[in-house]
Amino acid sequence: MDWPERLRSVRRWTRAGERAPHKPLLLLYALAHHQRHGNVPIVYSEAEERLARLLREFGPRQRTSPGYPFHHLASDGVWRVTTVDGEGSPGSGVTVLREKRAMGSLSADLDAALCADPGLAARIARVLLDDNFAPSLHAGIIALTGLRAAPEPLSEEGGVRDPRFRETVLEAYAHRCAFCGYEGRLDGVLVGLEAAHIRWWSHGGPNEPDNGLCLCSTHHLLFDRGVLGLTGELTVAVSSRFEARSGAAEAFVLSLAGRDLLRPAHGYPHAAPDHVGWHTDQVFRAPAV
Ligand SMILES: [Zn+2]
């Protein structure tokens, strides 16, 4: 069984570009747990807080209960839930999951494969990260789940870290952050600048200049976390859910609201409305509905 490919079917859980990272986040949490404790079951009430935090930070903008993936992942054949009453999940409600002392664990065949191959968990984690999250978010997810090292992906052409994409996008914006204008070099070499995908590569975003923005590292992360967004007129939007707790945060984030995005150099395309629309719908943290 090619487990990374088998679990890549996680990808099919997303519909038409809509982000549905609930199950991948639970799987990443379960893999990290397996690295430390083997297939000792995960007790729902003990994991609830950490799972809720993972969903809040890296899930979709609508609040989602951790009970949702805990219950529904069982239908995919890689996770099983038991309760004090025996086999089977009692449902996705948090109260019943707590009261029935629901416990989840990886399926027996996945457990056996992970035990037989100590590097497998990290390889599966790499696939889940690349298929579901923008690269700037990977380190945060790894830290919060406690995963032990997911191997770095190669910067191959056509992949999520396509070196050609990076080069073209940085050039299009004259090596400046399209939000704040930062340009910096160390010993003559660019430092702290990245090529961001507007529509994530993991969700069908192409490595084309009309899907890229040159951003400084912090604004890139804030863009991928949905603090910053773009309007249809290509001005900067700041989520009303963001709190600036210092003057520096005000200057670095809030002051960008309404500012024109830096325009690309002559001959390079502007950010495409389709990709901007995807980011607005799937990533930008608009007011909760
Ligand atoms: Zn910047």
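Quickly run through the range 5-16 and pick out the residues that are surrounded by 14 or more Cβ atoms within 10 Å (Cβ to Cβ), at pLDDT 65 or above and not charged (D, E, K, R). Of everything in the range 5-16, just one residue is surrounded by 14 or more Cβ atoms within 10 Å (Cβ to Cβ), at pLDDT 65 or above and not charged (D, E, K, R), namely 7. Residues in the range 189-236 that are of a type in the set (Asp, Glu) and touching a strand residue (DSSP E or B) at 6+ places or on another chain (Cβ under 8 Å): 194, 224.
Residue-level analysis places residue 117 outside the set of residues that are in contact (Cβ under 8 Å) with a residue 24 or more places away in the chain and acidic (Asp, Glu). Could you give me the residue pairs with C-beta distances under 8 Å whose first residue belongs to the range 73-92 and is in contact (Cβ under 8 Å) with a residue 12 or more places away in the chain and more than 18 Å from residue 108 (Cβ to Cβ), whose second residue is polar (S, T, N, Q) and not in a loop (DSSP other than H, G, I, E, B) wherever it lies, and which are 6+ apart or on separate chains? Sorted first by the residue in the range 73-92, then by its partner, the pairs are 90/83. The requirement of being among the small types (Gly, Ala, Ser), without any contact (Cβ under 8 Å) to a residue 40 or more places away in the chain, touching a helix residue (DSSP H, G or I) at 6+ places or on another chain (Cβ under 8 Å) and surrounded by 12 or more Cβ atoms within 10 Å (Cβ to Cβ) is fulfilled somewhere in the range 242-261, by at least one residue. For the range 184-269, the strands (runs of 3 or more DSSP E) that sit wholly inside it and include 3 or more residues that are within 12 Å of the ligand (Cβ to nearest atom) are 193-197, 212-216. When the range 237-271 is examined, which residues are found to be out of contact with any Cys (no Cβ under 8 Å at 6 or more places or on another chain), closer than 18 Å to residue 172 by Cα and aliphatic (A, V, I, L, M)? If the condition is that a residue be out of contact with any Cys (no Cβ under 8 Å at 6 or more places or on another chain), closer than 18 Å to residue 172 by Cα and aliphatic (A, V, I, L, M), then 261, 265, 271 are the ones that fit. Taken over the range 102-136, the criterion of being buried (at least 16 other Cβ atoms within 10 Å of the Cβ) and farther than 30 Å from residue 212 by Cα is satisfied by 102, 103, 104, 105, 106, 110, 113, 114, 120, 121. For the range 137-188, what are the residues that are more than 23 Å from the chain's Cα centre (by Cα) and within 30 Å of residue 34 (Cβ to Cβ)? Those that are more than 23 Å from the chain's Cα centre (by Cα) and within 30 Å of residue 34 (Cβ to Cβ): none in the range 137-188.
The values are calculated or read from the model by the stated rules, or taken from the named source; none is laboratory data. These numbers come from a predicted model, not from an experiment. Using ideal geometry, Cβ is built from the backbone for each residue, glycine included, and neighbour counts are taken over all protein chains shown.
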